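S.K.: Input: one structure, supplied below.
What follows is calculated from the coordinates using simple rules that are stated; it is not laboratory data. Here the structure is a predicted model, which is why all the values come from computation and not from measurement. Backbone-built Cβ (ideal geometry, glycine too); neighbour counts: all protein chains shown.
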């Protein structure tokens, strides 16, 4: 039986750059983990492939998954559902492969409540003022929206205490390196390797 | 107030190469931790310096430290005491510097029972047979002693479950790299950095 993979959850406040860090991490060679494909009820955009970019399903199919406990986490934005199918994640972990989720804070807390051995990484802005500059820098939001975002970020940073690790996104390449080290280090945790050693002891004793 | 340093404890079975790994780690540039100096009642050997190699004390002084709770861990070999003075370790941690202990398994368990936030690393042989070869390779022990050592190693590997991380000593340079990653990663743990963030939130909110 393959050793169970590690579930890695990357989250953090809106605007902190989770997506950019995740893409940079996955663009590197030699990664040995699987990116979890989300399920959604929104329409595929030009070039998006079902089962690669998303699992595209109907509203009825998605709600059926929710009702039968099939979603590890989910959220509704406007009229569309987005979420992580439990079955896909579990099958990948059981095959011995790590699974990487990059999700919003609310989703991460849903995952935390449903798993016992996940590794939860909170991506943080270098400081709160830096977050403000980034949001203003986008130029797509009004000051009211920005103030609201900052209030949310305060709340979210307080939520950091529900995570295992805090990684500062000062530079994308630094954040990526820290996340890779966290993943390698988590594989050395005694509760993950103990089964292998007990097996080895048994064999050596014969 | 400086953030409290991390107490790092490296241990493992006799003959696994803890001393070699520790020396290789400390020979590297850029380490930001302090090696804990042991206290002993044995006589200084040629060239050994008090306060650098060991704190050399009398039997009466050592036993006074034990009785007044001054030792983080200690053991008696033949007629001499060896141990780690609590005061030195605590002062170094309070100053914000990490402290590195390389000690026997029994000592590590004493430390575990007296601290709440130490990082416990268990150095393991690549496999049990490899440990046997290493002991025979030394050529200084009889087969009876070797068999006894292996029995002890079995017991000690079962003790691995009291540690946080297991690092395989397949190559000294690999083991050193893994330990460095563990230390860097432990500094990202939310329970260690949360105080900094709460402070930052307070300042940003003014």
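S.K.: Can you show me the helix-derived [θ] at 222 nm for chain A, built from DSSP H runs with n ≥ 4 at -39,500 (n - 2.57) apiece and divided by the number of residues, rounded to the nearest 500. Let's see the in-between values first.
M.R.: Working: 8 runs with 95 residues, N = 206.
Computed ellipticity for chain A at 222 nm equals -14500 deg cm²/dmol.
S.K.: So what does the Cα-only Debye profile of the protein assembly as shown read at q = 0.06, 0.13 Å⁻¹, as log10 I(q)/I(0), no solvent term?
M.R.: Normalising to I(0) and taking log10 leaves -0.33, -1.18.
S.K.: Give the nm distances, rounded to one decimal, from residue A:50 to the matching residue in every other copy, measuring between label points 7 Å along Cα toward the beta carbon; shortest first.
M.R.: Copy-to-copy label distances at residue A:50, shortest first: 8.2 nm.
S.K.: State, to one decimal in nm, how far the label point of residue B:145 lies from the label point of residue A:68, with both points 7 Å from Cα in the Cβ direction.
M.R.: Each label point lies 7 Å from its Cα, and together they span 6.7 nm.
S.K.: Separate question: Work out how much length residue A:106 to residue A:77 would gain on full extension: take 0.36 nm times their residue separation and subtract the Cα-Cα distance, in nm to one decimal. Let's see the in-between values first.
M.R.: Working: separation 29, 0.36 × 29 = 10.44 nm, distance 1.24 nm.
So the chain would gain 9.2 nm between residue A:106 and residue A:77.
S.K.: Report, in whole Å, the centroid distance computed from the Cα atoms of the stretch A:47-103 and the stretch B:45-92.
M.R.: A separation of 58 Å, based on Cα centres.
S.K.: Another question, then. State, as an integer percentage, the relative contact order of chain A based on alpha-carbon contacts under 8 Å between residues 6 or more apart.
M.R.: In percent, rounded to a whole number, it is 30.
S.K.: If you don't mind, there's one more thing I want to ask. Among B:14, A:142, which comes first, then next, by fewest other beta-carbon atoms within 10 Å? Don't skip to the end; give the middle numbers.
M.R.: Values: B:14 13, A:142 8.
So the residues, fewest neighbours to most, are A:142, B:14.
S.K.: Once the label point is placed 7 Å from Cα along Cβ, list for residue A:106 the distances to the corresponding points in the other copies, in nm, shortest first.
M.R.: 5.7
S.K.: Which distances, in nm and shortest first, link the residue A:145 label point to the same label point in every other copy, taking 7 Å along Cα→Cβ?
M.R.: 7.6
S.K.: Starting from the coordinates of the alpha-carbon atoms of the stretch A:1-83, obtain the Kirkwood hydrodynamic radius over all distinct pairs and give the value in Å to one decimal. It would help to have the intermediate numbers written out before the result.
M.R.: Working: mean 1/r = 0.0670 Å⁻¹.
Roughly 14.9 Å, rounded to one decimal.
S.K.: Relative to the longest principal axis of the C-alpha atoms of chain B, give the angle of the C-alpha long axis of helix B:190-204, reported between 0 and 90° and rounded to the nearest 10°.
M.R.: Taking the Cα atoms of chain B, the angle to B:190-204 is about 10 degrees.
S.K.: Apply the Kirkwood formula to chain B: the hydrodynamic radius equals the inverse of the mean of 1/r over all pairs of different alpha-carbon atoms; give it in Å with one decimal. Don't jump to the answer; show the numbers that get you there.
M.R.: Working: mean 1/r = 0.0537 Å⁻¹.
After inverting the pairwise mean of 1/r, the radius is 18.6 Å.
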